[in-house]
Amino acid sequence: MKISVETRWLEPAAAEIPDELRPYADHSQRLAYGLLRQGIRSASKARAFLDPRCYQASDPFDLTDMDKAVGRLLRAIRAQECIGVWGDFDVDGQTSTTLLVSMLRQVGAQVKYHIPVRAREGHGINLANLERFLAEGVQLILTCDTGVSAHDAVEFARQRGIDFLITDHHTLPEKLPPAMAVINPQRLPADHPARTLSGVGAAWKLVAALSAELGKPELAEQNLDLAALGLVADVAELTGDARYLVQLGLQQLRNPQRPGLQKMYQLAELNPANLSEQHIGFNIAPRLNAIGRLDDANPVVEFLTSSDEQVIAVTAARLEGLNGERRFLTEQVFRGALGQIERNPVLMDSPVLLLTHPDWPAGVVGIVANRLVDLFQRPVILLASPPDAPLRGSARSIAGVNITQAIASGREFLLGFGGHAMAAGLSLEAEKLPAFQQALNQAVRSQIGDRPLIKEIQIDAYLELEQIQLDLITEIDQLAPFGAGNPPFVFATRSVKVVDSAPIGKTGEHLAVVIEDSRGHTRRLIWWQGVQGLLPSGQFDLAFTLRASDYRGQREIQMEWLDARQTREASIEVADGAYEQVVDMRAAADPLGSLPQFLGSNAVLYQEGTPTLPGARNRNQLTSAETLIIANPPPGRAELLHALKTVQPRKVVLFGLPCASDAPADFLKSLGGMVRYALRAKGGQVSLNTLASALNQRTSAVEAGLRWLAARGYIRFRAESIDEFSITEGGEVEPEKITFMEAALRSILQETAAFRAFYTRADVQELLKPD
C-alpha cells in the first residue's frame, strides 16, 4: 500500500475580534488575528503571550520527582560527592549539559560530565563508557536529554551503589527505569504549560528549583540563553513555559555575555541586536549540531562557559569547519538517496521510504531524511550500513504517523531505538533488516488505514506582490518567536510565474527563484532544499512566509517558498529561442583557426582550465556582451546557465575544445599542485570559486577534493567564509572518512564527465534551453 498524501490549502477565515482584543486590533488587525489564531480571546492572556513579564511560569516542583532530585543533589553538594552529568550530542543535549555543569560548579559542587561521541557510542547511555565514567570517581549520575529508557544503565549503576537522576523529554517507555528520580515533562497532564519543554527545558526547571532552594535564583536566570538555544534547536512546541523561556532567552542572546557566543556571531556574520529564533535555527544550531554529528561535542561545554580566548578560537574554528563538512556530506547523501530512488522506483511503493548505504555517515542521515520527507511527503528512514557493523540511522515522519510507535512494533529485531512521534534513532543488525522492515510497514499501514493523509496549509492572508513591505514584517513579528505551536504567518499570492531560478548555498542545495505577477511586479524568494525540476510551469498560486533578513547589516525582506498550486487556467509555456543566432562549431575540423572570426569588441570568450586562450575569461570574469563564445565544455549545466544569464548574449557560439581529464587521480594531481602553490605563495588562502574556475570543475568537486586531502592527512583546512578557505600543511589521517570522501568525489566527477559528453553531442536547443 502506498501512502497517499494530499495537500489542501485552507482559505483565510473571517474572524470577529472580541471586545477585549479591540485595542490590539486598532493597532494592528494582523496582530489581533494572530492572537485569535492562538485561541487567545482575553486581554490578560494576550499580555501574557506577547510580554514574558506578564506570564506566570509554572512551578518547577509540578514536575514529578523534582523534590527527590533536588534533595539528592543538595546532599551531594554538601557532602562534596562527585556528580557525573551525562548528556547528549545534539544542541538540546549540549545546552542541557552546559546548563547543569555551569550551575553546579557555581554552587561549589564537584562535577564531571560526558557527552557521548555519536560515531562510537550512539544515542543513550553506553554501558562500557558508563563504567569508565564511574571509574573516574563519579558518585551520582545526573542525565539530561537522555535516560528515560536507560533500564540497563540504571540497573548497572544501582548494583554499584550509585544513584541515578534522570532529566529527559523523550517518549515515555511502557515502564520507567528504576531511577531515584525521573523528571520528564511527558509525565505531566497534556494541558500543563510545561508539557512541551525539551531536554534543556527540563534541565532548566531542575536548575530553577535547585537554585531557589539554595537562595540563588539568579543562577537559573543567567542561563536562559542556553534554554532558548536548546528549545529552538530541538523544535520544541513554543507554547506555555517553552515560549516564555525562549522569549527571555532571546533577550539574553541579543546581548551575549558568553565570549563563545560572541565569537560564533562574528563568524556567522550575525548582528546580535536583531537575533531571532530563525537565526538560532539556521545559523547557530547547525554549527553546534555539526560537531555533535561528526565529532566529539564535549568541548562545547567549555566553549560556552570559558573566557579563555585560545579555547574559544580553537573550538569556534572547529565548529566552522565541521559545519562546512556537514553541509557537504548532507548534499552528497541527499544526491545518493535520490539516485537510489531513480534507479529503483519500486522503493516508493512502501509506506515507509527506507534506504541504506555502507558509506553514508550516520551523523547526517537525519538531516537528509528530513529533506526527503519534505520532498516525498512520507516517513523516511536512512541507515548507514558499514561492513561488519550494525546499521545505525534516523527516522523522520509526517503528521498522522507516529514513527517511534511504528518502530517499536519491530523492537525484537532492534539493538536499540528511541525518539518521539516525528523523529527517532535506531540500530539493528544487517540480517534483521528485512524482518524489521516488514513489521515497520505493517505498523504504519495499521496507523493509516485506507484513508489518504491530508497535509493542510492554513493561508492567513492573500497579498499582491507590491504589498510585501518591511513594515508588514515588523507588524507580524510582534507575535514571535515562531515555531511549532506558533507557526509563522503563511501568505499567498495568485497567478504568478517563475521567470528565473538558480542554485544557491555552498553546495547549491537551495534555490533562489524570481517570480512575476500579471502586472509585471517581481519578487525574489528562497526555496530551501528546492528542486529545480519541481518548479511549476505556467501560472500558479504560491504560498510563502516572510521574515526580515539583516545579512551583513542590510535589513531586507526575505520571502521563503512554502507550496505552489497550479491555477486552473494555467497553460504550459514553451520557451522560444532566446538567442538571435546560435553557431555550432563543436565539430569544427580546425576550431582554433575558426575562432578569430567570432572575436570582436563586443564578444566574450568563455574558457576554463589550462591552458587558456588569450583573452579568455572564466566564470568569475564574465560580463554582458552581444556574443558569447563558449570554448570548451563547462563542468555542469549550472555553470553553463550562469554564463548565459551573466552575458545575456544575442549570439552564442559553441566550440568543443578539449578539457583536462575528469578522472579522480588526474583531478587530485591538479588540485594538489594548486594547493601547494597556495601554501607557498598565498599563505594558504584559497577560494573555492577560483580553484573551480582554474580547474574547470564544480565547486563541489573542489571541496570534495580538499576534504579527501584532509582525510588523508595531507592538509588541514577551515572555512573563513562561504567561499574562502584557510589551508595548512599536515593533519590527522581519518580512515573512517576516506572511503566516503573518495566515493563522493568519484560521483561528482562522473556527473561532470557525463555533462561534458552531453555538451559535445546534444541538440543545440536541448543544450541551451533554460531549466
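Summary of computed values
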{"read-out": "Karplus-derived HN-Hα couplings along segment 668-673 (A = 6.51, B = -1.76, C = 1.60, θ = phi - 60°), whole Hz, x at Gly and Pro", "value": "5, 5, 5, 5, x, x"}
{"read-out": "Ellipsoid equivalent to segment 148-237 - semi-axes via the Cα gyration tensor, in Å", "value": "24, 18, 11"}
{"read-out": "Candidate lysines - alpha carbon under 20 Å from residue 682, same-chain residues fewer than 8 apart omitted", "value": "669"}
{"read-out": "Cα centroid separation - segment 473-512 against segment 345-364, whole Å", "value": "28 Å"}
{"read-out": "Using alpha carbons only: equivalent-ellipsoid semi-axes of segment 242-300, gyration tensor based, whole Å", "value": "20, 14, 11"}
{"read-out": "Note, ³J(HN,Hα) from phi for segment 184-194, Karplus 6.51, -1.76, 1.60, rounded to Hz, x at Gly and Pro", "value": "8, x, 5, 7, 7, x, 4, 9, 6, x, 9"}
{"read-out": "Cut-off 19 Å (backbone N to label point 7 Å along Cα→Cβ of residue 594), residues of segment 632-651", "value": "632-634, 651"}
{"read-out": "Alpha-carbon centroid distance for the pair segment 267-336 / segment 701-771, whole angstrom", "value": "22 Å"}
{"read-out": "Directionally averaged projected area (convex hull, Cα atoms, segment 212-271), nm²", "value": "4.9 nm²"}
{"read-out": "Descending Cα extents along the principal axes, segment 346-387, whole Å", "value": "28, 20, 10"}
{"read-out": "In range of the label at residue 22: residues from segment 38-56 whose backbone nitrogen is under 18 Å from the point 7 Å along Cα→Cβ", "value": "41-47"}
{"read-out": "Segment residue 129-residue 80, extension gain: residue separation times 0.36 nm, minus the distance between their alpha carbons", "value": "15.3 nm"}
{"read-out": "Computed [θ] at 222 nm, helices only, for the chain once each DSSP H run of length n ≥ 4 contributes -39500 (n - 2.57)", "value": "-12000 deg cm²/dmol"}
{"read-out": "Stretch gain in nm, segment residue 514-residue 548, where the contour uses 0.36 nm per residue and the Cα spacing is subtracted", "value": "10.5 nm"}
{"read-out": "Pairwise FRET efficiency - residue 42 versus residue 216, Cβ, R0 = 35 Å, nearest 0.05", "value": "0.50"}
{"read-out": "R0 of 41 Å, Cβ-Cβ distance residue 469-residue 106: FRET efficiency to nearest 0.05", "value": "0.30"}
{"read-out": "In nm, spacing of pseudo-spin labels at residue 521 and residue 160 (7 Å Cα→C-beta vector)", "value": "6.7 nm"}
{"read-out": "Global geometry of segment 167-306, whether rounded, prolate or oblate, following the gyration tensor of its Cα atoms and the 1.5 cut on a/c", "value": "prolate"}
{"read-out": "Lysines with Cα under 17 Å of residue 216, excluding same-chain neighbours fewer than 8 positions away", "value": "205"}
{"read-out": "Overall Cα dimensions of segment 261-330, principal axis frame, Å, largest first", "value": "32, 31, 15"}
{"read-out": "Ranked packing of 266-276, 637-647, most packed first, by mean Cβ within 10 Å", "value": "637-647, 266-276"}
{"read-out": "Rh by Kirkwood over Cα pairs, then Stokes-Einstein D for segment 1-158 at 0.692 mPa s and 37 °C, µm²/s", "value": "164 µm²/s"}
{"read-out": "Burial ranking of peptide ranges 85-91, 468-474 (average Cβ count within 10 Å, highest at the top)", "value": "85-91, 468-474"}
{"read-out": "Computed label-point distance, nm, for sites residue 187 and residue 349 using a 7 Å Cα→Cβ extension", "value": "4.8 nm"}
{"read-out": "Where labels lie 7 Å past Cα in the beta-carbon direction, separation of residue 610 and residue 729 in nm", "value": "1.9 nm"}
{"read-out": "Average projection area in nm² (convex hull over Cα atoms of segment 677-742, one quarter of hull surface)", "value": "4.3 nm²"}
{"read-out": "Sites residue 438 and residue 531, calculated FRET efficiency, Cβ-Cβ separation with R0 22 Å, nearest 0.05", "value": "0.10"}
{"read-out": "Selection from 192, 226, 357 lying farthest towards where the dipole of the chain points positive, charges on Cβ", "value": "357"}
{"read-out": "Where only alpha carbons of the chain are counted, the Rg and the Dmax (Å)", "value": "28.0, 90"}
{"read-out": "P(r) weight above 21 Å for segment 70-136, C-alpha pairs, percent", "value": "28 percent"}
{"read-out": "Net lengthening on full extension, residue 51/residue 750 (0.36 nm per residue, minus Cα-Cα)", "value": "246.0 nm"}
{"read-out": "Kirkwood hydrodynamic radius (C-alpha pairs) into Stokes-Einstein, segment 480-535, 4 °C and 1.567 mPa s, D in µm²/s", "value": "100 µm²/s"}
{"read-out": "Karplus-derived 3J(HN,Hα), 6.51/-1.76/1.60, for each residue of segment 282-299, Hz, glycine and proline x", "value": "9, 10, 7, 4, x, 5, 5, 5, 4, 5, x, 7, 10, 8, 9, 7, 4, x"}
{"read-out": "Translational diffusion coefficient (Stokes-Einstein; Kirkwood radius from C-alpha pairs) of segment 405-503 at 4 °C, 1.567 mPa s, in µm²/s", "value": "71 µm²/s"}
{"read-out": "Segment 633-771 - convex hull of alpha carbons, volume per residue in Å³", "value": "122 Å³"}
{"read-out": "Size of electric dipole in the chain: Cβ of Lys, Arg +1 and of Asp, Glu -1, about Cα centre, debye, nearest 20", "value": "740 debye"}
{"read-out": "Relative contact order for the chain, counting Cα pairs under 8 Å that sit 6 or more residues apart, in percent", "value": "9 percent"}
{"read-out": "Radius of gyration and maximum dimension Dmax of segment 110-190, Cα, Å", "value": "12.5, 40"}
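Any read-out appearing in this document is the output of simple, stated calculations on the displayed coordinates, not a laboratory observation. The shown structure was predicted, so the numbers you read here are calculated from the model rather than taken from an experiment. Here Cβ is always computed from backbone atoms with ideal geometry, including for glycine, and neighbour counts include all displayed protein chains.
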